[in-house]
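Q: Take this structure first; my questions come after.
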Amino acid sequence: MLIVEDDLRQRELYREVLRAGGHEVIEARNGLEGIELLKTDPALVLLDMMMPAANGLEFLEKLHASDAHKSLPVIVISGAATEEWAVRGGANYYLTKPVDVRVLAELVNGVVRRT
């Protein structure tokens, strides 16, 4: 699983949730790092939209431009972006901050079962 989030506390929270579910986690502090980490072939991306050095929309554009990653499931977790904005950008799912960790865990597990 790839976490692309500039806020350290949020990344730590998401990491805990994912690892508690038995998932391996890699992390990026911004969209540029996240784009680089796509080469690790993650099963899913948790993505913030408002970040420096390539925001969430820029990340999604690069993701969908790649044949190898265009079907990669993306869960946007944002306090600023709207669901419409995230989905129009190519995200599959949207959660608002502050995120309910139980809802996040259930969504991640559901997505993993479907892929």
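Q: How many residues does the stretch 51-66 hold that are outside any helix (DSSP H, G or I) and not polar (S, T, N, Q)? Explain how you work it out, then say what you get.
A: Here is the first cut: in the stretch 51-66, the residues outside any helix (DSSP H, G or I) are 51-55, 66.
Narrowing the set further to residues that are not polar (S, T, N, Q) leaves 51-54.
So the answer is 4.
Q: A follow-up question, please. Look through the stretch 67-90, keep the residues that are touching a Phe, Trp or Tyr at 6+ places or on another chain (Cβ under 6 Å) and not in a strand (DSSP E or B), and return whichever of them is nearest to residue 6 (Cα to Cα). Please lay out each step first, then the result.
A: Of the residues in the stretch 67-90, the ones touching a Phe, Trp or Tyr at 6+ places or on another chain (Cβ under 6 Å) are 75-76, 83, 86.
Narrowing the set further to residues that are not in a strand (DSSP E or B) leaves 83, 86.
Working: 83: 19, 86: 17 Å.
Only one residue tops the list, namely 86.
Q: Something else now. Considering every residue within the stretch 6-16, establish whether at least one is over 12 Å from the mean Cα position of the chain (by Cα) and surrounded by 18 or more Cβ atoms within 10 Å (Cβ to Cβ).
A: So the first thing to find is which residues in the stretch 6-16 are over 12 Å from the mean Cα position of the chain (by Cα), and the list is 7-9, 12-13, 16.
This time we only want the ones that are surrounded by 18 or more Cβ atoms within 10 Å (Cβ to Cβ), so: 13.
Yes, some residue in the stretch 6-16 is over 12 Å from the mean Cα position of the chain (by Cα) and surrounded by 18 or more Cβ atoms within 10 Å (Cβ to Cβ).
Q: Assess whether residue 110 counts as being over 14 Å from the mean Cα position of the chain (by Cα) and either modelled with pLDDT under 95 or part of a helix (DSSP H, G or I) (or both). Spell out the reasoning first.
A: Details: over 14 Å from the mean Cα position of the chain (by Cα): yes; either modelled with pLDDT under 95 or part of a helix (DSSP H, G or I) (or both): yes.
Spelling it out, residue 110 is indeed over 14 Å from the mean Cα position of the chain (by Cα) and either modelled with pLDDT under 95 or part of a helix (DSSP H, G or I) (or both).
Q: Moving on. Residues of the stretch 83-97 being in contact with a strand residue (DSSP E or B) (Cβ under 8 Å, 6 or more places away or on another chain) and either modelled with pLDDT of 90 or more or surrounded by fewer than 17 Cβ atoms within 10 Å (Cβ to Cβ) (or both), which ones?
A: The answer is 83, 87, 90, 91, 92, 93, 94, 95, 96, 97.
Q: If you take the residues of the stretch 70-95 that are touching an Asp or Glu at 6+ places or on another chain (Cβ under 8 Å) and without any contact (Cβ under 8 Å) to a residue 60 or more places away in the chain, which of them is farthest from residue 34 (Cα to Cα)? Can you show your working first?
A: Filtering the stretch 70-95 down to residues touching an Asp or Glu at 6+ places or on another chain (Cβ under 8 Å) leaves 76-78, 89-90, 94.
Remaining after also requiring without any contact (Cβ under 8 Å) to a residue 60 or more places away in the chain: 76, 78, 89-90, 94.
Values: 76: 13, 78: 16, 89: 16, 90: 16, 94: 18 Å.
Checking each candidate, the answer is 94.
Q: Could you check how many residues of the stretch 56-69 are more than 14 Å from residue 34 (Cα to Cα) and either crowded, with 21+ Cβ neighbours inside 10 Å or not acidic (Asp, Glu) (or both)? Break it down stepwise before answering.
A: Looking only at the stretch 56-69, we keep the residues that are more than 14 Å from residue 34 (Cα to Cα), and these are 65, 67-68.
Those left that are additionally either crowded, with 21+ Cβ neighbours inside 10 Å or not acidic (Asp, Glu) (or both): 65, 68.
Count: 2.
The values are calculated or read from the model by the stated rules, or taken from the named source; none is laboratory data. The model shown is predicted, which means the values in this text are computed figures rather than measured ones. All Cβ positions, even for glycine, are placed from backbone atoms using ideal geometry, and neighbour counts span all protein chains on display.
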